[in-house]
Amino acid sequence: MKSYNITTLDDFIIKRQKDYPTAKGEFSRILHHIGTAAKMVSNKINRAGLADILGAAGEINIQGESQQKLDIYADEVFIGSLLSSGECCGVATEENQNIISFTHEFAIDGKYIVCIDPLDGSSNIDVNVSVGTIFSIYHRISPKGKEPVSKAFLQSGTEQVAAGYIIYGSSTMMVYTTGKGVNGFTLDPSLGEFCLSHPELVMPDDGTIYSINEGNYIKFPEGVKRYIKYCQERDVSTNRPYNSRYIGSLVSDFHRNLLKGGIFLYPESETYPEGKLRLVYECNPIAFIAEQAGGKASDGTRRIMEIEPESLHQRIPYYVGPVKMVEKIEEFIRNK
Ligand code: AHG
Ligand code: MN
Ligand code: MN
């Protein structure tokens, strides 16, 4: 008989709960609520060309970047959903200068805090290109009954309890890890459910794609410039020249590279002397997924997940992908 068996995200979370003897379901509820928020945002993004939600909202966020209406919508939906989970006592998001404490009676005892980039690559939204959401979950640190402390949001990436992203692409997918491998779920719009579609994702240990905003070549450090030339050189033994692929949305670029084998690079430059991507809610969660899939993430010299964040919106140079490719760029940076 034909098997019509599907594993939904909620089934999967419940099955996996037994891997965590101390977990009493709180954590599962947070993931479930993130999934619900993702469905709401996905729905809105699919209708973006029809509803009055395209374009800039007229506000500048705390990074000095113009906020898109969908940035604000996604921010509100994820914050609201995490609050209503009752298991999360505070969040930090790209769109808010400071942490947001949940002081409501049903949430103040929540065991976890969440760091989130509600909409990643949002400048792509007006042109129908894939965007994403990135999230990272940590323990709260401060005693229950008290508001969360800023320190909880500045834990190094090695302390992450879980991390994931949602990609709103030709289909919507959620990919996450709790430190026991990486699994991907595709949203079936007819069922309204995320269904396990990419179990035990593994990144190839080498690759043939490089993803970087090459228009900024002139502004990059010497080692990076030389690495780009290396990618473009002919050498059949290492499958070079590599393919260049760059969407301009970390989630989408990383997702492709995870499946196909490729490195994503966002170095420091004249425009962004510290790098552009944010350590806490962009680099760390993606680094956790990369490592769990057998890859590597670095700032050029250090393991991303071991860096102690100094501030919530700290930026950092970022290199993520297959181990061999990341080690190669590190070599170029060392020998500049
Ligand atoms: P966000 O939309 O959350 O501000 O992030 C945009 C980021 C990231 O997704 C992407 O990799 C990078 O900006 C692209 O930057 P450039 O346009 O400078 O290439
Ligand atoms: Mn982003
Ligand atoms: Mn964003």
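The values are calculated or read from the model by the stated rules, or taken from the named source; none is laboratory data. Model, not experiment: these values are computed from the prediction. Virtual Cβ from ideal backbone geometry, glycine too; neighbours counted across all protein chains shown. To get the accessible areas, we keep the full protein, side chains included, count just its heavy atoms, and leave off ligands, DNA and RNA. Shrake-Rupley method; radii C 1.70, N 1.55, O 1.52, S 1.80 Å.
Select from the stretch 253-280 the residues that are more than 8 Å from ligand 1 (Cβ to nearest atom) and either within 15 Å of GLY321 (Cα to Cα) or outside the structural domain of TYR217 (by TED's automatic domain parsing) (or both) and list them in ascending order. PHE254, HIS255, ARG256, ASN257, LEU258, LEU259, LYS260, GLY261, GLY262, ILE263, LEU265, PRO267, listed by residue number. Among residues of the stretch 302-336 being touching a residue at least 60 places away in the same chain (Cβ under 8 Å), touching an Asp or Glu at 6+ places or on another chain (Cβ under 6 Å) and open to solvent by 30 Å² or more (accessible area, probe 1.4 Å), the one that is nearest to LEU154 (Cα to Cα) is VAL323.
If I ask for residues that are within 11 Å of ligand 2 (Cβ to nearest atom) and either more than 19 Å from ASP299 (Cβ to Cβ) or not in a helix (DSSP H, G or I) (or both), which ones from the stretch 240-250 would you list? Steps first, please.
So the first thing to find is which residues in the stretch 240-250 are within 11 Å of ligand 2 (Cβ to nearest atom), and the list is 248-250.
Residues satisfying the conditions are GLY248, SER249.
Contact annotation: residue pairs with Cβ atoms under 7 Å, 6 or more positions apart or on different chains, pairing a residue in the stretch 115-144 that is over 17 Å from GLU26 (Cα atoms) and within 13 Å of ligand 2 (Cβ to nearest atom) with a partner that is in a strand (DSSP E or B) and modelled with pLDDT under 90, are SER122/GLN68; ILE125/GLN68. Restricting to the stretch 264-285, name every residue that is within 16 Å of ligand 3 (Cβ to nearest atom) and of a type in the set (A, V, I, L, M). Scanning the stretch 264-285 gives LEU277, LEU279, VAL280.
Close contacts from the stretch 147-160, counting a first residue that is hydroxyl-bearing (Ser, Thr, Tyr) and a second that is assigned to a helix (DSSP H, G or I) and surrounded by fewer than 16 Cβ atoms within 10 Å (Cβ to Cβ), with Cβ to Cβ under 9 Å and a gap of 6+ residues or different chains, come to SER156/GLU306; THR158/GLU306. Could you please let me know if THR158 is at pLDDT 95 or above and open to solvent by less than 30 Å² (accessible area, probe 1.4 Å)? For THR158, the condition - at pLDDT 95 or above and open to solvent by less than 30 Å² (accessible area, probe 1.4 Å) - is not met.
Those residues that are of a type in the set (A, V, I, L, M) and in a loop (DSSP other than H, G, I, E, B), I need them from the stretch 302-326; list them, please. Walk me through it before giving the result.
To start, the set of residues in the stretch 302-326 that are of a type in the set (A, V, I, L, M) comprises 304-305, 307, 312, 316, 320, 323, 325-326.
ILE307, LEU312, ILE316 - these are the residues of the stretch 302-326 that are of a type in the set (A, V, I, L, M) and in a loop (DSSP other than H, G, I, E, B).
Pairs meeting the criteria (first residue in the stretch 176-187 and touching a residue at least 60 places away in the same chain (Cβ under 8 Å), second residue among the basic types (Lys, Arg), beta carbons under 8 Å, at least 6 apart or on different chains) are THR178/ARG16; LYS180/ARG16; LEU187/LYS39. Only one of the numbered conditions (1) assigned to a helix (DSSP H, G or I); (2) open to solvent by less than 10 Å² (accessible area, probe 1.4 Å) is violated by TYR230, and that is (2).
Taking the criterion of being modelled with pLDDT of 95 or more and either open to solvent by less than 20 Å² (accessible area, probe 1.4 Å) or out of contact with any Phe, Trp or Tyr (no Cβ under 8 Å at 6 or more places or on another chain) (or both), the residues of the stretch 170-187 that qualify are SER171, THR172, MET173, MET174, VAL175, TYR176, THR177, GLY181, VAL182, ASN183, GLY184, PHE185.
From SER123, SER136, grab the single residue that is touching a Pro at 6+ places or on another chain (Cβ under 9 Å), within 16 Å of ligand 1 (Cβ to nearest atom), within 30 Å of ILE45 (Cβ to Cβ) and not assigned by TED's automatic domain parsing to the domain that holds VAL251.
Numbers: SER123 fails: touching a Pro at 6+ places or on another chain (Cβ under 9 Å).
Of SER123, SER136, the one residue that is touching a Pro at 6+ places or on another chain (Cβ under 9 Å), within 16 Å of ligand 1 (Cβ to nearest atom), within 30 Å of ILE45 (Cβ to Cβ) and not assigned by TED's automatic domain parsing to the domain that holds VAL251 is SER136.
Among the residues of the stretch 253-301, the ones that are assigned to a strand (DSSP E or B), open to solvent by 10 Å² or more (accessible area, probe 1.4 Å) and among the aliphatic types (A, V, I, L, M) come to 0 in all.
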